[in-house]
Structure formats: structure tokens, C-alpha cells
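To start, the structure itself, in C-alpha cells.
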Amino acid sequence: MSRFVWGVAALVFVSVAYAAEHTKDSLETVKKNMKDGKAVLVDVREADEWNDGHLKDAKHIALSNLKKGIPTDELKKMLPKGDIVYLHCGSGKRALVAADILKKEGYEVRPLKDGYKDLLKAGFPQDK
């Protein structure tokens, strides 16, 4: 098979790996939307990562739990419909997977490319 065909095959695979894309919203926009009560921040890292440190005002829903399936009524208690749901993880990859799951539940999701440490450096406060 030629290099071109392999290249096209790889491009197709990468483009279908995640339907969601990282948000174009700036981190300042994220902060403003949260401050104005228009958005929630959800950390989709696993419990051990969350316990090692997390952002103030973030909600925690581990990607593994989303993959297993959270009953709709329970999910509605954690995430109000109508709010923008910003998702973050360690590096931005799991946020894309979580976005695909939550989109199917009708949420307006905007996964962040920035990971936990990047958000701390950008001035998001850490929970004490």
C-alpha cells in the first residue's frame, strides 16, 4: 500500500476517533461564563487524580463512570441542563471522550484542551 493511502487512512482514523472538538473559548471566557453562572466546570479525571488536587468550584464525574453509564436523573442532579459544561482532564484527551458521551445526553459541552496543571497556571484556583 502506498504512503499516501496509509496517510489518508491515518487521517480518517484520527478524525473519527472523537466527534467532539476542543472549545475555541478562551480561558478568560471560561472564567467569565463560570462567574456569570452560565457554565460549570467538570473534571473527568479519575478519583485518585481528583484526590491529589482539583480546581475550586469544579464538579467531579470520572470518565470511567460516564463510560459505565450514569442514570439520566442522577446526571441531571450533577449537571443542570441549559448550562455550558466545560470539561477538563489531565491533557485534554479524556475531555473529548466525555464530551461525546454528554452530547448524546443533550448537554452543551465544550471540552478544554488545557489540562489540570495548565488551568492552575492560567489562574484557576485550586481547591484547598
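The values are calculated or read from the model by the stated rules, or taken from the named source; none is laboratory data. Worth saying up front: this structure is predicted, and the values here are computed from it rather than measured. Positions of Cβ are generated from backbone atoms using ideal geometry, with glycine treated the same way; all protein chains shown enter the neighbour counts.
The sole residue among D100, D57 that is of a type in the set (D, E, K, R) and either without any contact (Cβ under 8 Å) to a residue 60 or more places away in the chain or touching a Leu at 6+ places or on another chain (Cβ under 9 Å) (or both) is D57.
In the set (1) closer than 17 Å to Y116 by Cα; (2) hydrophobic (A, V, I, L, M, F, W, C); (3) under 11 Å from the mean Cα position of the chain (by Cα), I101 fails one condition alone, (1). The criterion of at least 3 residues that are closer than 17 Å to E108 by Cβ and under 11 Å from the mean Cα position of the chain (by Cα) is met by none of the helices (runs of 4 or more DSSP H) wholly inside the range 20-90. Of everything in the range 77-109 that's in contact with a Lys or Arg (Cβ under 8 Å, 6 or more places away or on another chain) and charged (D, E, K, R), which residue is surrounded by the fewest Cβ atoms within 10 Å (Cβ to Cβ)? Only one residue tops the list, namely D83. Within the range 115-128, the set of residues being part of a loop (DSSP other than H, G, I, E, B) and surrounded by fewer than 20 Cβ atoms within 10 Å (Cβ to Cβ) comprises G115, A122, G123, P125, D127, K128. Could you tell me whether the range 9-26 includes any residue that is surrounded by 16 or more Cβ atoms within 10 Å (Cβ to Cβ), at pLDDT 95 or above, touching a Pro at 6+ places or on another chain (Cβ under 8 Å) and of a type in the set (A, V, I, L, M, F, W, C)? No, the range 9-26 contains no residue that is surrounded by 16 or more Cβ atoms within 10 Å (Cβ to Cβ), at pLDDT 95 or above, touching a Pro at 6+ places or on another chain (Cβ under 8 Å) and of a type in the set (A, V, I, L, M, F, W, C). Pairing residues of the range 109-128 that are on the phi > 0 side of the Ramachandran plot with residues that are of a type outside the set (A, V, I, L, M), at Cβ distances under 8 Å and at least 6 apart in sequence or on separate chains, gives G123/K31.
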